[in-house]
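Q: Please read through the structure below; I'll follow up with questions.
The values are calculated or read from the model by the stated rules, or taken from the named source; none is laboratory data. Predicted model, so just to flag it, every value in this text is computed and none were measured. Every residue, glycine among them, receives a Cβ derived from its backbone with ideal geometry; neighbour counts consider all protein chains shown.
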Amino acid sequence: MATGGSRPSGFVSLLLLLAGVLLFWMTVPNLGTAARAATADGPQGIFTATRLVCAGHAGHTTCEWSGTFRSNDGTVQLGGVKLYGSGRDTFKAGETAPAVDVGNAGRVYDPTGSHAWIITVVLVVLAYVLLAAVAHRHLMPPPLPRKHLSTP
């Protein structure tokens with residue numbers, strides 16, 4: 001932040017602006033899906049595990065089960081979807097579990113809901129804070145100069 005009446009750095013403001021816009025662009029479109037996942041709002045059905053999919057990064061391996069989803073009324077049938085939160089020991093191939101389709105492409109959720117919304121909301125708030133900081137730096141009027149009292 002600018003202090004002592006100096007102008008805010010244009011480069012820092014540009015970085016803050018770009019970071020805020022990028023975070024909004026990545027998160028705001030997912031707010032609806034995150035809310036539906038939190039409340040398990042969507043067609044209920046059955047997930048059938050077909051294979052374990054693992055990805056390794058930075059010395060850590062994360063695994064999720066991939067499979068098929070069929071809604072209870074048969075209107076929704078999805079293939080190649082992952083069950084959010086499933087891990088290496090959750091299933092054996094061919095096992096089933098209740099699931100819900102919230103409209104998130106390639107993913108279904110446990111019918112009890114998901115806490116995945118928390119990170120989405122935190123990132124939206126962070127984006128707002130970054131953009132508010134840029135606005136404050138450049139849209140607020142500069143402080144008025146202080147009048148010095150002179151002694152006679």
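Q: Checking the conditions here, which among Val129, Val102, Val122 is within 26 Å of the chain's Cα centre (by Cα) and either assigned to a strand (DSSP E or B) or within 24 Å of Ser9 (Cβ to Cβ) (or both)?
A: Val129
Q: Just a yes or no: is a residue in region 81-91 modelled with pLDDT of 95 or more and more than 18 Å from the chain's Cα centre (by Cα)?
A: The answer is yes; a qualifying residue exists.
Q: Right, Tyr128: modelled with pLDDT of 90 or more and surrounded by 14 or more Cβ atoms within 10 Å (Cβ to Cβ) or not?
A: Judged against the criteria, Tyr128 is not a match.
Q: Let me ask something else about it. Given the conditions (1) assigned by TED's automatic domain parsing to the domain that holds Leu123; (2) at pLDDT 95 or above, report the number of the one that Leu18 does not fulfil.
A: (2)
Q: To continue, here is another question. Output the number of residues of region 105-119 satisfying the condition of being at pLDDT 90 or above, part of a loop (DSSP other than H, G, I, E, B) and closer than 19 Å to Cys54 by Cα.
A: Residues in region 105-119 being at pLDDT 90 or above, part of a loop (DSSP other than H, G, I, E, B) and closer than 19 Å to Cys54 by Cα: 1 in total.
Q: In region 123-152, how many residues are out of contact with any Ser or Thr (no Cβ under 9 Å at 6 or more places or on another chain) and closer than 18 Å to Thr39 by Cβ?
A: Qualifying residue count for the region: 0.
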